[in-house]
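Working notes, beginning with the structure itself.
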Amino acid sequence: MVILGSKKSKISIIVLASILLMSIVLSGCSDGQSGKGKIVFANAQWESNMFHNAVAGRIAEEVFGYTWEEVPGSTAVMHEGIINGEIDVHMEEWSDNIPQYQPDVDAGNLQELSVNFDDNYQGLYVPRYVIEGDAERGIEALAPNLRSVKDLKDYADIFPDDEEAGMGRILGAIPGWEVDTILQRKYEYLGLDEQYVYFSPGSDAALQAAIISAYDKGEAIVAYYWEPTWLLGLYDMVLLEDEPYVDDESFKAGKTELPAMNVTVAVSNNFYENEDNKEMVEFLSKYKTSSELTSEALGYMQENDADYYETADWFLKEHDELLDKWLSAEDAETMRKALNK
């Protein structure tokens, strides 16, 4: 999920119609009120959300005896589904991207159980070998003192533009994303426009391809990206520092870092209030990971052509210590036995 990936707007008539349609389809699907039946997870249709659904779903079925399914939809529809009780569990509520999120929490319209991760950084990245070198690959450090975005002024020759001689190139965000506008303001605010071309990659696929191509060749590149993603799980990239976040006005003007946000685990009131779900609620209240762990899992999935369920099992074995943090000793042992069948 990309922070500021789209402009905030009121839910349209079309979205409301989608919610109504989902209400009809889902009526009777969620068994959150009828004991350990089926848990309906929100699937907001990005990779990390589906991965966390698979992890929590595997534990729900093996430890607590539920069946589970995912229902896909937009961020707005999934949030409304939690409030209406049509969705039981949302493993990734991107709190700052939903204008009504905090008001709904404050009003008791849903239950926030935990912060899944809060280190979901984004900004301009460079390969670590650009700063530190890589002896195994025979790459010398090209910019050993590069630490921050403003330091890029000293290294335009390290990141040459393909078309304009004497200029460096910064690969920006995807056109149409609000963060692209913010990065262009930052580019001008810091005076980088005097030495760099701000190059639009056109799409996420094109941006990925440019980073991977440069990395595999051991070339220098500075590009926008975000966490958690499989790309940052597989490639060792360094986020360039920026001025600390002060307020929205400054950061939208490009003067500060792009702040991380709380990505929370939330459940519907129906699910929360049902005593039969007490153990599952307790588990979800302890559920905490990180962008780094999530990117690692997505990287495994990409590299091994695994599905979300295979990746969830690998993750729970690879990070066995999480079971002891999330579950009672007896339940943790039950999950370990299930994973080793």
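The values are calculated or read from the model by the stated rules, or taken from the named source; none is laboratory data. Just so it is clear, the model here is predicted, and its values are computed rather than measured. Don't worry about glycine lacking a Cβ; one is built from the backbone with ideal geometry, like all the others, and counts go over all protein chains shown.
Numbers for the structure displayed
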quantity: Total residues in the stretch 236-258, condition among the aliphatic types (A, V, I, L, M) and either surrounded by fewer than 17 Cβ atoms within 10 Å (Cβ to Cβ) or at pLDDT below 95 (or both); calculated: 4
quantity: Positions within the stretch 280-294 being part of a loop (DSSP other than H, G, I, E, B), crowded, with 16+ Cβ neighbours inside 10 Å and polar (S, T, N, Q), in sequence order; calculated: Thr289
quantity: Residue match in the stretch 259-279 (condition: within 22 Å of the chain's Cα centre (by Cα), modelled with pLDDT under 95 and part of a helix (DSSP H, G or I)); calculated: no
quantity: Given (1) in contact with a Ser or Thr (Cβ under 7 Å, 6 or more places away or on another chain); (2) buried (at least 21 other Cβ atoms within 10 Å of the Cβ), number of the condition Asn277 does not satisfy; calculated: (1)
quantity: Subset of the stretch 68-106 [β-branched (Val, Ile, Thr) and modelled with pLDDT of 95 or more]; calculated: Ile82, Ile83, Ile87, Val89, Val105
quantity: Of all residues in the stretch 197-235 being hydroxyl-bearing (Ser, Thr, Tyr) and exposed (fewer than 14 other Cβ atoms within 10 Å of the Cβ), the one that is nearest to Arg137 (Cα to Cα); calculated: Ser213
quantity: Filtered residue count, the stretch 186-223, keeping only those that are among the hydroxyl-bearing types (Ser, Thr, Tyr) and modelled with pLDDT under 95; calculated: 2
quantity: Within the stretch 65-74, tally of residues that are touching a residue at least 60 places away in the same chain (Cβ under 8 Å) and β-branched (Val, Ile, Thr); calculated: 0
quantity: Whichever residue in the stretch 13-48 is part of a helix (DSSP H, G or I), of a type in the set (A, V, I, L, M, F, W, C) and touching a helix residue (DSSP H, G or I) at 6+ places or on another chain (Cβ under 7 Å) and, among such residues, is modelled with the highest pLDDT; calculated: Met22
quantity: Options Ala141, Ala60: the member that is more than 30 Å from Leu339 (Cα to Cα), modelled with pLDDT of 95 or more and among the small types (Gly, Ala, Ser); calculated: Ala141
quantity: Index of the failed condition, Pro127 passing every other in (1) more than 22 Å from His52 (Cβ to Cβ); (2) in contact (Cβ under 8 Å) with a residue 24 or more places away in the chain; (3) out of contact with any Phe, Trp or Tyr (no Cβ under 6 Å at 6 or more places or on another chain); calculated: (3)
quantity: Residues that are outside any helix (DSSP H, G or I), surrounded by 14 or more Cβ atoms within 10 Å (Cβ to Cβ) and either out of contact with any helix residue (DSSP H, G or I) (no Cβ under 8 Å at 6 or more places or on another chain) or modelled with pLDDT of 95 or more (or both), drawn from the stretch 173-185; calculated: Trp177
quantity: Output for the stretch 39-86, where each listed residue is closer than 16 Å to Tyr272 by Cβ and of a type in the set (Phe, Trp, Tyr); calculated: Phe41, Phe64, Tyr66
quantity: Condition met for Ile170 (closer than 17 Å to Asp242 by Cα, assigned to a strand (DSSP E or B), in the same structural domain as Asp216 (by TED's automatic domain parsing) and modelled with pLDDT of 95 or more); calculated: yes
